[in-house]
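The values are calculated or read from the model by the stated rules, or taken from the named source; none is laboratory data. The model shown is predicted, which means the values in this text are computed figures rather than measured ones. So basically every Cβ, Gly included, is an ideal-geometry build from the backbone, and we count neighbours across all protein chains shown.
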Amino acid sequence: MKLTFCGGACTVTGTSILLEAAGKKILIDCGLFQGGKRLRERNYRPYLYDPKEIDFVILSHAHIDHSGLIPRLVKDGFRGRILATHATADLASILLPDSGYIQMMETEWTNRKNMRAGRPLVEPLYTFEDAENALKYFEGLDYYSTYAISPHINLTFYDAGHILGSAITELTIYENERTQKLVFSGDLGKSNQPIIRDPDIIEEADYLIIEGTYGARDHEEEEQRQEILKRVIQETVARQGNIVVPSFAVGRTQDMLYCLSRLMAKGEIPNLPIYVDSPLAISATEIFARHPECFDLQMRKLLHDGQDPFNFPEVIFTRTVEESKRINELKGGAMIISASGMAEAGRIKHHLKHNLWRQESTILFVGYQAEGTLGRRIRDGAKRVKIFGEDIQVNAQIVTIDGFSAHADRTELLRWLGKFRSKPKKVILVHGEEDVLPRFAAQIESELNLTTYIPQYRETIELPAVAEKIETAHEKAQELILAWREFQKEYTTRLKQVLAQNDEESLEMLEKELATLQSIMSQ
């Protein structure tokens with residue numbers, strides 16, 4: 001059984017893993033790289049496989065960083081089956097064509113500049129039509145049902161609690177007279193998230209691939225999150241500014257509406273107009289209503305009582321460009337929720353252009369901002385940013401609420417890992433930034449006594465070989481630690497003797513000995 005990490009390795013974008021087992025080639029996710037130029041260039045790199053030879057794509061959820069390269073894959077020859085939950089298949093039917101449209105618009109913008117500069121024109125990564133064509137390969141599956149996708153591989157989806165339709169993938173593989181269970185967490189949601197169910201507990205796996213987006217920090221508590229949101233709204237309205245929220249069309253937008261409807265119902269915030277300025281988010285909200293099987297009990301009770309947290313009098317859905325432009329005439333006192341969530345594309349860039357320079361406005365980040373994105377630069381304190389080629393001064397208040405993230409934080413990830421009754425032989429960490437995953441790995445090993453592995457981008461590993469490699473490395477590390485402790489005891493004794501004898505020559509030799517050993521240990 002081999003795994004090749006085609007994306008999502010030491011980064012939080014472009015997730016895609018090639019599994020080769022029992023004579024089949026399976027892609028687990030096929031995500032678009034988002035962020036800075038160096039990351040985006042990976043979308044155009046040659047495949048590490050032949051798309052025509054891929055038998056299945058198993059899609060954990062519909063977010064573009066997990067699904068957005070599927071149209072390119074189909075365009076380049078993939079003709080297998082794309083397996084996902086029913087809700088994920090429905091969401092992909094709006095997200096992928098939208099991504100194709102963005103690819104076309106960005107290419108058109110690039111080619112205008114290329115023509116002026118005399119440079120050659122470029123082709124889009126894929127088009128709206130390519131994305132529409134890819135949808136015919138999707139097949140929706142139920143949660144908790146086991147599907148024999150080949151005579152030697154069974155697939156079961158469990159609820160990941162991240163966004164509507166998100167799934168934990170469990171693959172049971174019969175190969176070489178052995179049965180092995182591979183579990184891929186996908187993006188794990190946090191507990192007590194509004195609307196959807198909590199992540200399912202998985203009790204056994206031979207190998208676990210788990211995300212580590214927030215593996216190095218915790219979110220705010222629910223009460224703290226709501227207090228920050230209330231304060232931001234009250235203070236911005238008092239300044240007569242707008243609250244601009246870059247928000248993912250799927251998941252975050254619906255969570256925000258749910259929370260705002262509850263706060264208004266309690267009279268804890270003013271009844272300000274809330275503009276949902278994203279045709280994609282509006283379509284996604286309609287899809288939410290079609291999938292009550294994904295809802296938690298609290299959401300079901302609200303709907304049973306006739307309360308729709310997505311549609312209340314203060315919400316104004318804007319589909320057309322003309323409606324969107326009119327929002328920019330607002331002087332203040334409104335909330336504008338618009339995609340994309342990292343401010344890389346879409347209508348949010350127009351709203352940022354019209355509000356970033358205003359001291360009375362607030363830019364509120366409620367989701368993860370990947371390295372290299374416009375959202376990340378603003379969040380990290382940039383004084384000026386370029387939007388549509390125009391230099392914009394950042395005068396608005398910048399506020400981040402991590403508690404709205406749909407990802408489990410460090411404590412919740414460790415808690416979920418701790419529920420395994422039969423411990424995985426290896427825990428493979430993906431979908432986390434390069435400085436985060438080693439810290440997360442250290443906590444997993446120290447608190448749960450599980451062996452971890454952090455793969456590199458485009459690395460291929462043979463799972464049993466990884467196990468042997470890590471076990472050997474672990475044994476050698478233990479031997480080195482014991483040897484170092486013995487040396488410390490012996491060295492301390494010898495040093496005391498030399499100091500007592502005031503023997504400068506012996507002291508110099510001891511210093512050289514220590515320096516040599518430190519040099520060896522650091523290699």
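The residues listed here are PHE78, PHE157, PHE128; of these, the one that is more than 22 Å from the chain's Cα centre (by Cα) and within 26 Å of LYS24 (Cα to Cα) is PHE78. Restricted to strands (runs of 3 or more DSSP E) entirely inside region 308-412, those with at least 1 residues that are touching an Asp or Glu at 6+ places or on another chain (Cβ under 9 Å) are 315-317, 335-338, 362-365, 384-387, 397-400.
The requirement of being modelled with pLDDT of 85 or more and among the acidic types (Asp, Glu) is fulfilled somewhere in region 343-360, by at least one residue. For ARG384, the conditions (1) in contact with a helix residue (DSSP H, G or I) (Cβ under 6 Å, 6 or more places away or on another chain); (2) exposed (fewer than 15 other Cβ atoms within 10 Å of the Cβ) are fulfilled apart from (1).
Identify, please: which residue in region 391-420 is among the acidic types (Asp, Glu) and surrounded by 16 or more Cβ atoms within 10 Å (Cβ to Cβ) and is, among those, nearest to GLY372 (Cα to Cα)? Among those that are among the acidic types (Asp, Glu) and surrounded by 16 or more Cβ atoms within 10 Å (Cβ to Cβ), it is ASP402.
Checked against (1) in a loop (DSSP other than H, G, I, E, B); (2) farther than 24 Å from ALA442 by Cβ, LYS419 meets all criteria but (2).
What about TYR207, is it among the hydroxyl-bearing types (Ser, Thr, Tyr), within 23 Å of THR15 (Cα to Cα) and out of contact with any Ser or Thr (no Cβ under 8 Å at 6 or more places or on another chain)? It is true that TYR207 is among the hydroxyl-bearing types (Ser, Thr, Tyr), within 23 Å of THR15 (Cα to Cα) and out of contact with any Ser or Thr (no Cβ under 8 Å at 6 or more places or on another chain).
Within region 296-307, the set of residues being in a loop (DSSP other than H, G, I, E, B) and in contact with a strand residue (DSSP E or B) (Cβ under 9 Å, 6 or more places away or on another chain) comprises just one member, ASP296. When LEU229, LEU155 are checked against the criterion of being crowded, with 19+ Cβ neighbours inside 10 Å, among the aliphatic types (A, V, I, L, M) and modelled with pLDDT of 95 or more, LEU155 stands alone in meeting it. The single condition from (1) modelled with pLDDT of 95 or more; (2) within 24 Å of the chain's Cα centre (by Cα) that GLN103 fails is (1). Restricted to region 27-140, the set of helices (runs of 4 or more DSSP H) holding at least 2 residues that are out of contact with any helix residue (DSSP H, G or I) (no Cβ under 6 Å at 6 or more places or on another chain), surrounded by fewer than 24 Cβ atoms within 10 Å (Cβ to Cβ) and not acidic (Asp, Glu) comprises 37-40, 86-117. Within region 267-298, being out of contact with any Asp or Glu (no Cβ under 6 Å at 6 or more places or on another chain) and hydrophobic (A, V, I, L, M, F, W, C) holds for ILE269, LEU272, VAL276, ALA281, ILE282, ALA284, PHE288, ALA289, CYS294, PHE295, LEU297. For region 315-334, the criterion of being touching a strand residue (DSSP E or B) at 6+ places or on another chain (Cβ under 8 Å) and over 22 Å from GLY346 (Cα atoms) is satisfied by no residue at all. The residues in region 373-384 that are touching a strand residue (DSSP E or B) at 6+ places or on another chain (Cβ under 8 Å) and either in the same structural domain as ASP198 (by TED's automatic domain parsing) or closer than 29 Å to GLY212 by Cα (or both) can be counted, and the count is 6. For region 421-453, a residue qualifies if it is over 17 Å from GLU170 (Cβ atoms), crowded, with 18+ Cβ neighbours inside 10 Å and aliphatic (A, V, I, L, M), and the qualifying residues are LEU429, VAL436, LEU437, ALA441, ILE444, LEU450. Where helices (runs of 4 or more DSSP H) sit wholly within region 195-289, those with at least 2 residues that are in contact (Cβ under 8 Å) with a residue 24 or more places away in the chain and within 18 Å of the chain's Cα centre (by Cα) occupy 252-265.
Within the option set ILE54, ILE17, ILE58, being in contact (Cβ under 8 Å) with a residue 60 or more places away in the chain and touching a Gly at 6+ places or on another chain (Cβ under 9 Å) holds for one residue only, ILE17. You will find that of VAL321, VAL245, the residue that is crowded, with 19+ Cβ neighbours inside 10 Å and in the same structural domain as GLU344 (by TED's automatic domain parsing) is VAL245 and no other.
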